[in-house]
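Report on one structure; see the data block that follows.
The values are calculated or read from the model by the stated rules, or taken from the named source; none is laboratory data. Model, not experiment: these values are computed from the prediction. Cβ: placed from backbone, ideal geometry, glycine included. Neighbour counts: every protein chain shown. Protein only, heavy atoms only, side chains kept; ligands, DNA and RNA dropped before computing areas. Shrake-Rupley method; radii C 1.70, N 1.55, O 1.52, S 1.80 Å.
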Amino acid sequence: MASIGLKKGKYNKIDATTKKYKTLTDSQVPTLPKMVESKFSPEYNSAELYGDDALAESDYSFKKGTLSIVVTDDKDTVCAELLGNDVSEEDEVTSTVNDTAPECGFGHIVPKIIDGVKKWKVEFFPRVKFTKITTDRKTRGESVEFATTNIEATVFPLSEEMNGFSAGTWEKHKTLDTEAAAIQYLDTLLTPATN
């Protein structure tokens, strides 16, 4: 199986009061600017207890992870929402030392080829916190170079049941036969649960 692309980065903030994702505006799940790249680096616990000269207990469970995303644009309203910045009615963004990034759910779609057949894999993290957004700037020289935006987030396991996901969940994925089915599945994961 080979990954052949990356699409549709979507997110939704977690409502700490209801323990669900936020109610959607116009039934639309918020979307990141077009994605260029995504990397996930998990961290696992590494605890071992020895007794009677042998390994008696061990813990190699998931602790947290770093999600690094590259997008085509640093769209002001999206970046401000991810970092908890203030946006005025005139779309002016103000960052302060008191900004608090909200916890969100995040997922994207990975087109793949499996045994010669195209499939779409949804990779989803139910609890992430975006920590920084950086963009390199460079003067135009003899040729045009496109600049991209780097977004970094920390992935956490759920500390309690949230939006229908059990405590301890930190990732879900599913491979589907059509892109439309993958989009619908991702949107469903990021929609407030009805129960």
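So if a site counts as exposed when it's one of the GluC sites (Glu not before Pro), its DSSP state isn't H, G, I, E or B, and it has at most 10 other Cβ atoms within 10 Å, what's the longest stretch of the chain without one?
Working: sites that count: Glu89, Glu90, Glu92, Glu142, Glu145, Glu160.
By the stated rule (loop sites, at most 10 other Cβ atoms within 10 Å), 1-88.
Once the cut-off is 31 Å, how many percent of the Cα-Cα pairs in the chain end up in the long-distance tail?
Numbers: 5030 of 18915 pairs.
The calculated P(r) of the chain puts 27 percent of pairs beyond 31 Å.
Tell me the accessible surface of Ile151 in square angstrom (1.4 angstrom probe, heavy atoms of protein chains only), to the nearest ten.
Roll a 1.4 Å probe over it and Ile151 shows about 10 Å².
For a Förster distance of 45 Å, can you work out the FRET efficiency between the beta-carbons of Thr175 and Asp53, rounded to the nearest 0.05? Write down the numbers at each step before the final one.
On the way: r = 45 Å, r/R0 = 1.01.
Rounded to the nearest 0.05, the efficiency is 0.50.
Treating only the Cβ atoms of Lys and Arg (+1) and Asp and Glu (-1) as charged, compute the dipole magnitude of region 16-122 about its Cα centre; round to the nearest 20 debye. Intermediate values should be presented prior to the final figure.
Details: 12 positive and 20 negative charges, 158 e Å.
Around 760 debye, computed over region 16-122.
Taking a ≥ b ≥ c as the square roots of the Cα gyration tensor eigenvalues, with a/c under 1.5 meaning rounded and otherwise prolate when a/b beats b/c, else oblate, which class fits region 3-58?
Details: a/c = 5.93, a/b = 1.94, b/c = 3.06.
Oblate is the answer for region 3-58, as a/c is 1.5 or above yet b/c matches or exceeds a/b.
Relative contact order of region 1-70: what whole-number percent is it, with Cα pairs under 8 angstrom and at least 6 residues apart?
Working: 91 pairs, mean separation 19.7, N = 70.
Computed value for region 1-70: 28 percent relative contact order.
Considering only protein heavy atoms, with the full assembly of protein chains and a 1.4 angstrom probe, order Trp170, Trp120 by accessible area, largest first. Walk me through the intermediate numbers first.
Working: Trp170 60, Trp120 30 Å².
Ranking Trp170, Trp120 by accessible area, largest first, yields Trp170, Trp120.
Pick out which of Thr100, Thr25, Thr175 has the largest mean-square fluctuation in a Gaussian network model of the chain, springs linking Cα atoms closer than 10 Å.
Sorting by GNM fluctuation, first place goes to Thr25.
Longer than 31 Å from Cα to Cα, which of Lys22/Lys172; Lys20/Lys118; Lys8/Lys138; Lys132/Lys172; Lys112/Lys138; Lys22/Lys118 are they? Say none if no pair is. Let's see the in-between values first.
Values: Lys22/Lys172 19 Å; Lys20/Lys118 33 Å; Lys8/Lys138 27 Å; Lys132/Lys172 24 Å; Lys112/Lys138 34 Å; Lys22/Lys118 33 Å.
Lys20/Lys118; Lys112/Lys138; Lys22/Lys118, as the Cα separations exceed 31 Å there.
Quantify, in whole percent, the carbon and sulfur part of the accessible surface of the chain (1.4 Å probe; protein heavy atoms only). Intermediate results must be reported in sequence, preceding the final value.
Details: 5520 of 12010 Å².
Summing carbon and sulfur atoms, their accessible area is 46 percent of the total for the chain.
Checking the a/c ratio against 1.5 first, then a/b against b/c, what shape does the Cα gyration tensor give for region 26-136? The partial results should precede the final answer.
Details: a/c = 2.99, a/b = 1.49, b/c = 2.00.
It is oblate, given that a/c is not under 1.5 and a/b is not larger than b/c.
Looking at region 30-110, how many pairs of lysines come closer than 23 Å at the Cα, when each pair is eight or more places apart or spans two chains?
Lysine pairs meeting both conditions in region 30-110 amount to 4.
Quick one: if you stick a label point 7 Å off each Cα along the C-beta vector at Lys39 and Leu24, how many nm between them?
3.2 nm
Counting only heavy atoms of protein chains, what accessible area per residue, in Å², does the chain have with a probe of 1.4 Å? Intermediate values should be presented prior to the final figure.
Numbers: 12010 Å² over 195 residues.
Result: 62 Å² per residue.
With each label point set 7 Å from Cα along the Cα-Cβ vector, what nm distance links Gln184 and Lys132?
Here the modelled spin labels are 4.1 nm apart.
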